[in-house]
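S.K.: Please see the structure below; I have some questions.
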Amino acid sequence: MKERLVNGLKAFGRLRIQTSHASIICYSTLLLILFIAFTIRVLPIRWEIPTGDVRLNEFDPYYQFSLTNKMVRDGLLSPYLENGGEGWINYQQWYPDGLDMSRSLPALPMTAAILYSIISWLGVNVDLMTFCSIFPVIFGTLSCLIIYFVGKDIGGKAIGLFAALFLALAPSFLQRTALGFFDTEVLGIVGLLAFILMFLRAIDENRSLRSSLVFSAGAGAALAYFIGAWGAAYFLVDLAILFVFVLILLKRYSQRLLFSYSLTFGLALFVAANIPYISIGYLTSGAVIPVAGVFLLLCLLEVLRHNISARTKVLLAGATLAAVVGGFIALWQLGYMQNIAGKFITVLDPFVRSASPLIESVAEHRISAWGNIYFELGLGILFFLAGLYFTLRNPTNRNVFLLIFGATSLYFAASMVRLLVIFAPAFCLLAATGIIGILKPFYTLLREAPQIAVKSKRRIARVSKEYSGVVLFLVFMLLVTNFAFAPQNGGVPRVYSQAYSPLTVSAASLPIGGENLPEPAQEWLDMLSWTRNNLQTTTVVCAWWDYGYWLSILGNVTTLADNATVNSTQIENIGFIFMASEDKAMTMLEKYDAEYILIFTTLSLAQSSEGTYYIVQPVGFGDEGKWSWMARISGQARDRFVQDGLLSAGEAWTDETDFGEYSNTTGRFEWNDAGRASTVYKLLSYAKQRWADVSGTEYGVVPDEAGVAPTYFKQAFFAGLDLKPAEASAKYGGLIPIVALYEIDWASYYAATD
């Protein structure tokens, strides 16, 4: 017994030594990839450190932050149970009706609130916004770890490592998991990859029934988590349904498939139906009902496996088909089947969005241009196509899923720029498969002893290793060019340029970053600090809906709209305020008890033809570039404005063409009389004039057009007025951001209108 034990330990030691080298290389590489993923995502903190605070990026993350803050203070279910179970109404946003915060997916804020409570209990002293800002960095890195295991299951450790590396550096995924991007996609991709990993393991016939049970339960939990985290859960649900249906068509039905499918979707939909905001109605939505249809089909196939007569098989098949079709029709006619969510429909048919200026005004909702797709794929498109070829040649269950995942996610990504983040994992897996498929034969030849093929007479020798080495070197150079050198970007890696940029508010909403912004831009930060210190929480500030979250959460004032876009009518009214004349705008502002109105403009300097002075003119990165959407969105409601007596038929507009036209001579928009009388024109032109007045005497600056002073709006605080031309050139590449806050002069208005 003693000898056997000693020999066994020796054998285990030898085995560990024999396998340790490969394992050390593999896991060291994986750790290095995860380190790269984390480091590149945290780069924007370079602009946050000088300010002493770490904020969130873009706009929507502030909505998630407000939910998380509420859960930390009042309990995880407080947004859904407040006001006697009706939910928390945040009256600081979307005044006067407020914003119903209970109509929010809970997974992201709940996860963040729980983790923040844990680290606070452990004694880690960090404020909540800093924690929420770092949260996506951590979970983005976790996604890279999960995709390693997915790739490993598909084709081995090499595919897993390449997939993890590609996902760590994928531009769309990097953007939405970088510092400060505390939004639903962060946990959505984690849930997506976790579901894929466990569901494909659950239906694997080579695993034990006990293992399949565990992975099926895990897949159900991951799917439920995904449903509670991201509105794009329809995609994953229907992707899994389509995959199982294709397996049925390929005659790959098995009891294991029925068992795993039933447990996974049964658990996922049971949990989802009990998630706040989602409720039981989710089960009858048009995108989820097919789950039941495929389940009935699987049950039918299980029955047909048994030794029954052909007549009985036909009757069962017909009855099942009639039950599925009849059930769909009955649910539809009785009104129990809910329509598919509007955004999901607009993804399936992107041309629907063109009819809504409100949706089209958001850049990430537009159809992906070829430039967007190429920037996402780069030279990796060659490996992506190769991956499609190799998966088609070897149609295992996992490869079939990968093909369906790649095709559907590519269509969705082409339909909407924002959904490039869903395509990123599929691209990474397929590109990794393509690389390994290309390199495998050459790598095998390289490891073999040299074999010389000799032709008769000429006796020409060919050495396989040389050709294999050349191919490996070429693939290596393609990867280096794509991820490291990037000559099309002047040698700067594209992922580095994507990541090394400040948070939007720290860049004053200017499209600059890297070495072009040596220090944080102060204009928006100064404005938000001023409103926070000088105005009341109940003070109503009217601004275009882009800035609503900043003003309400960072500036601590009450706003009329933000990026939640829950009330299109109110956004149309705000567009009316800016595009109408001052008298008409004041009528609408009075309905909202507004005390201030804010405008954001970006300017630049151009030297005069004589070279003796500078001309300051708008650039287009602020509201001077967004006012056309104000005109289009409010133009959708022209009939309503006329019926309500706010406009006469002759005053009503449809879009920006009613306010002027673009000049081919000057290349600029030329305002007509209606445009010059609009509120937005006066607010923008006066802010520009004020900056020219401050800098004009000393630096010889004049505006391209003389500013028009508004009648009922007086300067309260203009952030950026003290920015000198030399400072703008050194700090912002010549751009001049002006955040102009006007106080509404109600006394003058009432005196003038009696």
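Laboratory data are not the source of any read-out in this text; all were calculated from the coordinates shown. Treat the numbers as computed from the prediction; the structure is a model and nothing was measured. All Cβ positions, even for glycine, are placed from backbone atoms using ideal geometry, and neighbour counts span all protein chains on display.
S.K.: Sorting check: for 666-674, 84-92, which peptide has the highest mean count of neighbouring beta carbons within 10 Å, and how do the rest follow?
M.R.: On the way: 666-674: 12.3, 84-92: 14.2.
The peptides rank, most packed first, as 84-92, 666-674.
S.K.: In addition: Determine the relative contact order of the range 2-130: mean sequence separation of Cα pairs under 8 Å and six or more apart, normalised by residue count, in whole percent. Could you put the intermediate results ahead of the total?
M.R.: Working: 73 pairs, mean separation 24.6, N = 129.
About 19 percent, as a whole number.
S.K.: Same structure again: Report the full-extension gain for the segment Ala649 to Ser117: residue separation times 0.36 nm, less the Cα-Cα distance, to one decimal in nm. Working shown, then result.
M.R.: Numbers: separation 532, 0.36 × 532 = 191.52 nm, distance 5.78 nm.
Between Ala649 and Ser117, full extension yields 185.7 nm more.
S.K.: Separate question: Using 16 Å as the cut-off for backbone N distance, which residues of the range 532-561 belong to the label zone defined by a point 7 Å from the Cα of Tyr91 along Cα→Cβ?
M.R.: Inside the label zone: 536-541, 557-560.
S.K.: Right, another one. Arrange the following residues from fewest to most other Cβ atoms within 10 Å of their Cβ: Thr753, Thr531, Thr565. Before the final figure, lay out each step's value.
M.R.: Details: Thr753 10, Thr531 24, Thr565 16.
The most exposed by this proxy come first: Thr753, Thr565, Thr531.
S.K.: What FRET efficiency, computed as 1/(1 + (r/R0)^6) with R0 = 30 Å and r the Cβ-Cβ distance, is obtained for Glu670 and Glu610, rounded to the nearest 0.05?
M.R.: Numbers: r = 23 Å, r/R0 = 0.78.
Between Glu670 and Glu610 the formula returns 0.80.
S.K.: Would you mind checking the pairs Lys682/Lys731; Lys584/Lys724; Lys682/Lys724; Lys70/Lys714 and listing those with alpha carbons more than 26 angstrom apart? Don't jump to the answer; show the numbers that get you there.
M.R.: On the way: Lys682/Lys731 28 Å; Lys584/Lys724 36 Å; Lys682/Lys724 23 Å; Lys70/Lys714 36 Å.
Flagged as over cut-off: Lys682/Lys731; Lys584/Lys724; Lys70/Lys714.
S.K.: How much FRET efficiency would the formula 1/(1 + (r/R0)^6) give for Ala747 and Glu705, where r is the Cβ-Cβ distance and R0 is 35 Å, rounded to 0.05?
M.R.: On the way: r = 29 Å, r/R0 = 0.84.
Here the calculated transfer efficiency is 0.75.
S.K.: Separate question: Which order, highest average first, do 720-732, 161-173 follow once you tally other Cβ atoms within 10 Å for each residue and take the mean per peptide?
M.R.: Working: 720-732: 17.1, 161-173: 26.4.
The densest-packed peptide leads the list: 161-173, 720-732.
S.K.: Return a whole-number percent for the relative contact order of the range 639-754, with Cα pairs under 8 Å and 6 or more residues apart as the contact set.
M.R.: 17
S.K.: Computed FRET efficiency, Cβ-Cβ of Thr51 and Leu249, R0 60 Å: what is it to the nearest 0.05? Present the calculation step by step, with values, prior to reporting the outcome.
M.R.: Numbers: r = 58 Å, r/R0 = 0.96.
The value I calculate is 0.55.
S.K.: Let me have the relative contact order for the range 505-753, percent, based on Cα pairs under 8 Å that are six or more residues apart. Kindly include the intermediate steps, with their values, before the conclusion.
M.R.: Details: 441 pairs, mean separation 53.2, N = 249.
Here the relative contact order equals 21 percent.
S.K.: In whole angstrom, how far apart do the alpha carbon centroids of the range 554-581 and the range 171-248 sit?
M.R.: Taking the Cα centre of the range 171-248 as reference, the centre of the range 554-581 is 37 Å away.
S.K.: Shifting gears a bit: Hey, rough spin-label estimate for Val480 and Asp583, points 7 angstrom out along Cα→Cβ, what's it come to in nanometres?
M.R.: Rounded to a tenth, the inter-label distance reads 7.2 nm.
S.K.: Tell me the label-point distance for the pair Glu519, Asp153, using the 7 Å Cα-to-Cβ offset, in nm and rounded to one decimal.
M.R.: 5.2
S.K.: Among Ile736, Ile138, Ile25, rank each residue by its count of other Cβ atoms within 10 Å, from fewest to most, as a rough exposure measure.
M.R.: On the way: Ile736 28, Ile138 15, Ile25 12.
So the ranking, lowest neighbour count to highest, is Ile25, Ile138, Ile736.
S.K.: In addition: Provide Ile278, Ile404 in ascending order of the number of other Cβ atoms located within 10 Å of each residue's Cβ, fewest first.
M.R.: Numbers: Ile278 20, Ile404 17.
Sorted ascending by nearby Cβ count, the order is Ile404, Ile278.
S.K.: While we're on this one: So for the range 2-130, considering every pair of alpha-carbon atoms, how many percent are separated by more than 18 Å?
M.R.: Numbers: 5911 of 8256 pairs.
Counting pairs separated by more than 18 Å, the tail of P(r) holds 72 percent.
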